[in-house]
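The values are calculated or read from the model by the stated rules, or taken from the named source; none is laboratory data. None of the values given here were measured: they were computed from a predicted structure. Counting neighbours? That spans all protein chains shown, and the Cβs are built from the backbone with ideal geometry, glycine included. Areas reflect the complete protein model, heavy atoms only, side chains present, ligands, DNA and RNA absent. Shrake-Rupley method; radii C 1.70, N 1.55, O 1.52, S 1.80 Å.
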Amino acid sequence: MQVDWGQQRVLVIAPHPDDEVIGCGGLVSRVKREGGQVHVLYVAVDDLVEYSPAGGSTAEQRMAEIEHVAQFLSMDSWHAGSIGERHTLRLDALPRCELVDVLEGRPEHGVALPVLRPTVVVAPEVTSYNQDHRAVGQAVLTALRPGPDRWRHQPRLVLTYEQVADFWSGASTAPHPRNFFVELSASDVDRKIAALRLHESQWRDHPHTRSEEALRGLAAVRGAHSGTRYAEAFHCLRWRV
């Protein structure tokens with residue numbers, strides 16, 4: 001069964017700027033190539049000390065990178081939930097209800113679930129080693145809990161995206177099974193790599209998990225898993241047909 005991506009209104013939920021590209025930059029490229037809409041909610045943008053040649057990045061720098069990526073990928077809109085509030089790498093310390101408020105638009109913003117009413121939501125993996133990804137992923141589960149459409153918008157397709165290091169969780173069970181594969185063209189993979197390079201502060205050389213080799217390799221492996229040249233793999237939480 002095929003998804004007509006050209007008819008979809010996709011909301012990507014990214015704990016930090018770059019997660020939208022690492023997790024589903026190929027899907028974003030394909031949706032836009034086929035005429036659909038893509039919107040992104042960045043949960044937190046902050047100054048950050050990092051293991052990098054520069055030693056860190058600033059919120060101002062990250063916001064500028066978002067602008068470049070949004071223009072390059074032809075995003076229809078995006079919103080940053082918090083800027084400079086020192087929430088990055090501390091989202092797990094926030095009450096889940098506050099993260100749900102960001103998703104549901106309290107205060108209101110243009111990509112909030114009840115405002116945008118997306119047909120597809122793509123969110124981080126809840127078994128990730130990254131505490132922010134876990135916290136946001138759990139908040140997404142709460143915000144999209146089953147219920148009647150007349151009371152709360154229910155996207156027809158809900159996916160969680162993966163990152164190269166998601167196996168590093170220490171959990172007694174493996175990450176959610178990858179049961180939804182999106183075929184990518186070579187140009188989709190190229191655009192994903194180019195978009196991540198525009199998150200200049202976050203780009204790393206191989207063998208880092210945010211390197212070109214790592215991302216291309218994962219796209220090739222997921223393609224082999226699904227009988228295509230390249231693919232991105234997701235865990236499907238809901239698919240109403």
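Please give the length that would be gained between ARG204 and ASP47 if that part of the chain were fully extended, namely 0.36 nm times their separation in residues minus their C-alpha to C-alpha distance (nm, one decimal).
Values: separation 157, 0.36 × 157 = 56.52 nm, distance 1.83 nm.
Answer, rounded to one decimal: 54.7 nm.
In debye, nearest 20: dipole of region 64-130 around its Cα centre with unit charges on the Cβ of K, R (+) and D, E (-)? All intermediate terms of the calculation are to be shown ahead of the outcome.
Details: 5 positive and 10 negative charges, 25 e Å.
Computed about the Cα centre, the dipole is about 120 debye.
Under the Kirkwood approximation applied to all pairs of distinct alpha-carbon atoms, what is the hydrodynamic radius of region 159-225 in Å?
Working: mean 1/r = 0.0756 Å⁻¹.
By the Kirkwood definition, the hydrodynamic radius is 13.2 Å.
May I ask you to order 222-229, 42-49, 121-128 by the average number of other C-beta atoms within 10 Å around their residues, highest value first? Show your work: numbers first, answer last.
Working: 222-229: 15.1, 42-49: 21.0, 121-128: 25.2.
Going from most to least packed, we get 121-128, 42-49, 222-229.
For the chain, what does the helix formula give at 222 nm: sum of -39500 (n - 2.57) over DSSP H segments with n ≥ 4, over the residue count, nearest 500 deg cm²/dmol?
Numbers: 7 runs with 83 residues, N = 241.
Calculated at 222 nm, the ellipticity per residue is -10500 deg cm²/dmol.
Along the charge dipole of the chain, Cβ charges K/R +1 and D/E -1, which of GLY81, GLN163, VAL121 sits furthest on the positive end?
VAL121
If packing is taken as the average number of other Cβ atoms within 10 Å across a peptide's residues, how do 91-98, 16-23 rank, most packed first? Present the calculation step by step, with values, prior to reporting the outcome.
Details: 91-98: 15.0, 16-23: 27.0.
By packing density, highest mean first, the sequence is 16-23, 91-98.
Putting +1 on Lys and Arg Cβ atoms and -1 on Asp and Glu Cβ atoms, find which of VAL241, ALA195, SER226 reaches farthest to the positive end of the dipole of region 180-241.
Result: VAL241.
Looking only at region 1-89, where both bridge partners belong to it, what percent of the DSSP beta bridges are antiparallel (to the nearest 5)? Walk me through the numbers before you get to the answer.
Numbers: 2 of 14 bridges.
Roughly 15 percent of the DSSP beta bridges within region 1-89 come out antiparallel.
Order the peptides 71-77, 52-58 from the highest to the lowest mean number of other Cβ atoms within 10 Å of their residues. All intermediate terms of the calculation are to be shown ahead of the outcome.
Numbers: 71-77: 16.1, 52-58: 12.7.
Top of the packing list down: 71-77, 52-58.
ASP149 accessible area, nearest 10 Å², 1.4 Å probe?
80 Å²
Which whole-number percent of Cα pairs in region 1-121 have a distance greater than 25 Å? Please list the in-between numbers first.
Numbers: 1817 of 7260 pairs.
In whole percent, the share of Cα-Cα pairs in region 1-121 beyond 25 Å is 25.
Provide the descending list of Cα extents for the chain along its principal axes, expressed in whole angstroms.
50, 44, 41
Count neighbours as other Cβ atoms within 10 Å of each site's Cβ, and list the trypsin sites (Lys or Arg not before Pro) in region 121-192 that are DSSP loop with at most 16 such neighbours. Spell out each step's value before the answer.
Values: sites: ARG134, ARG150, ARG152, ARG156, ARG178, ARG191, LYS192; in loops: ARG150, ARG152, ARG156, ARG178.
Hits after loop and neighbour filter: ARG150, ARG152, ARG156.
Of PHE181, PHE234, which has the most accessible area and how do the rest follow, probe 1.4 Å? Present the calculation step by step, with values, prior to reporting the outcome.
Values: PHE181 75, PHE234 0 Å².
The ranking, largest first, comes out as PHE181, PHE234.
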